[in-house]
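The block underneath contains the structure these notes are about, expressed in C-alpha cells.
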Amino acid sequence: MLEHRMLTSKLLAFVLSIGLSLPLALGQSLPNSETGPEQRVPALEAAWPDWLPKPAHQCPADLMPRHRADALDFSIARCSRAFDGCVGSCRSGAAGDCYGAAIVAQRVANGQLAQALFLQACTLGVTSGCTNRAAELDTIDDGNACAIRTYKMACDRDDPWACSMIGFHLIRGTGVAKDPARARKLLSKSCKYGPEDQACQVGRSLLKEVEH
C-alpha cells in the first residue's frame with residue numbers, strides 16, 4: 001500500500017507541476033513585484049472574484065464541452081508578467097488565458113484559485129484544464145470516481161496526461177477494475193507531443209510495468 005501511495009503521489013506530482021503535457025518550458029521565475037502573481041494570487045483568494053465559480057462540487061467531466069479550444073494559445077510568461085490581465089481575459093472567455101493564469105496561480109499556491117481557473121479553462125474547452133482539475137481531486141482521494149471519469153473523457157480527446165493517468169489506474173486497479181490490456185492501449189496515446197514530453201516518459205514507464 002505504501003509503495004502504491006508513493007507511485008501515485010509521484011505521478012500526480014508530475015501532472016500538477018508541468019501544466020499537463022503541453023510542450024512548453026515553464027521554468028520562468030515569477031516576477032517579484034507588488035502587483036505580481038505572488039501578491040495577486042493570495043489577494044484574489046481572499047477577495048474571491050464574483051464571476052468565478054468555486055470548484056468544490058463540480059466534476060470536470062460534467063463541464064467538458066463538445067468543442068475544444070486551442071490549448072496552445074496561451075503564454076506562461078505573459079500571464080506571469082500580467083496576471084490580472086490574463087484573469088480579466090479569462091473572465092471574457094479567453095480559454096487559453098484561463099489555462100495560463102491557472103498554471104501561474106498553481107505555481108504560487110495550489111489553492112482554490114488555481115483549481116477554479118483550471119475548471120474555467122475546462123468549461124471553455126481546454127481539455128488539459130479538465131485533466132489538471134481531476135488530478136487534484138485524485139490527490140485528495142486516490143481513484144476518485146469523478147477523476148477517473150474525467151481522465152477517460154480527456155484521453156478520448158487525446159490529452160496525453162489523461163491517458164497516462166487513466167492507464168496508471170487501470171494497471172493498479174484503483175477506482176476502476178484492473179485491465180492491463182486496455183491500459184496498454186491508452187498509454188500508447190501518451191506520446192502525442194513526442195518522447196521528451198513528461199506524459200510520454202511516464203506512459204512509457206507504465207508500459208514497462210505492464211510488460212513485466
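The values are calculated or read from the model by the stated rules, or taken from the named source; none is laboratory data. Source: prediction; values computed, not measured. When we count neighbours, we look across all protein chains shown, and the Cβ atoms used for this are built from the backbone with ideal geometry, even at glycine.
Within region 102-155, if we keep just the residues that are touching a residue at least 60 places away in the same chain (Cβ under 8 Å), among the acidic types (Asp, Glu) and surrounded by fewer than 24 Cβ atoms within 10 Å (Cβ to Cβ), the residue that is farthest from residue 35 (Cα to Cα) turns out to be 142.
Of a type in the set (Ser, Thr, Tyr), under 23 Å from residue 191 (Cα atoms) and in a helix (DSSP H, G or I): is that true of residue 131 in this structure?
yes
Going through region 116-146 one residue at a time, which ones are touching a Pro at 6+ places or on another chain (Cβ under 6 Å) and within 26 Å of residue 172 (Cα to Cα)?
The answer is 130, 133, 134.
State whether the residues of region 45-64 include one that is out of contact with any helix residue (DSSP H, G or I) (no Cβ under 6 Å at 6 or more places or on another chain), of a type in the set (D, E, K, R) and surrounded by 14 or more Cβ atoms within 10 Å (Cβ to Cβ). Scanning region 45-64 turns up no residue that is out of contact with any helix residue (DSSP H, G or I) (no Cβ under 6 Å at 6 or more places or on another chain), of a type in the set (D, E, K, R) and surrounded by 14 or more Cβ atoms within 10 Å (Cβ to Cβ). The number of residues in region 90-104 that are closer than 19 Å to residue 127 by Cβ and either part of a helix (DSSP H, G or I) or under 16 Å from the mean Cα position of the chain (by Cα) (or both) comes to 10.
Here residue 65 fulfils each of the conditions (1) farther than 20 Å from residue 110 by Cβ; (2) under 21 Å from the mean Cα position of the chain (by Cα); (3) in a helix (DSSP H, G or I) apart from (3). Scanning region 45-76 for residues that are within 12 Å of residue 101 (Cα to Cα) and modelled with pLDDT of 95 or more yields a count of 0.
Select from region 156-182 the residues that are within 19 Å of the chain's Cα centre (by Cα), touching a residue at least 24 places away in the same chain (Cβ under 8 Å), surrounded by fewer than 19 Cβ atoms within 10 Å (Cβ to Cβ) and assigned to a helix (DSSP H, G or I) and list them in ascending order. Answer for region 156-182, where residues must be within 19 Å of the chain's Cα centre (by Cα), touching a residue at least 24 places away in the same chain (Cβ under 8 Å), surrounded by fewer than 19 Cβ atoms within 10 Å (Cβ to Cβ) and assigned to a helix (DSSP H, G or I): there is none.
Of 143, 194, all but one fail to be in contact with a His (Cβ under 9 Å, 6 or more places away or on another chain), modelled with pLDDT under 95 and either assigned to a helix (DSSP H, G or I) or at positive phi (or both); the exception is 143.
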